[in-house]
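Beneath this line is the structure, given in structure tokens, with notes to follow.
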Amino acid sequence: MDKELFKRDPRDFALSLVEDGVVDPMLMLHAALNWLSTDEVRDMLDANELSPRFAYDEEEDEDLV
């Protein structure tokens, strides 16, 4: 394990654990989501346009026709 990378950039360290097959991606996802508060998860989803307000709604699209 790269202790320098962990010290310098823990996000990259976590990604490298997944990319190198040391940790299962779902395990890392669960660890991150369990660590964050519900507000932080909500903000993260919104910032990445994954919250319901960014969901494509076919009914809204039909109203435009």
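FYI, it's all coordinate maths here, none of it is from the lab. All figures in this text were calculated on a predicted structure; none of them were measured in a lab. Using ideal geometry, Cβ is built from the backbone for each residue, glycine included, and neighbour counts are taken over all protein chains shown.
How much net charge surrounds D46 when only the other residues with a Cβ under 12 Å from the Cβ of D46 are counted, with Lys and Arg +1 and Asp and Glu -1?
Here the charged neighbours net out to -2.
Rounded, prolate or oblate: which fits the chain, taking a ≥ b ≥ c as square roots of the Cα gyration tensor eigenvalues, rounded meaning a/c under 1.5, else prolate when a/b beats b/c?
Here the chain falls in the prolate category.
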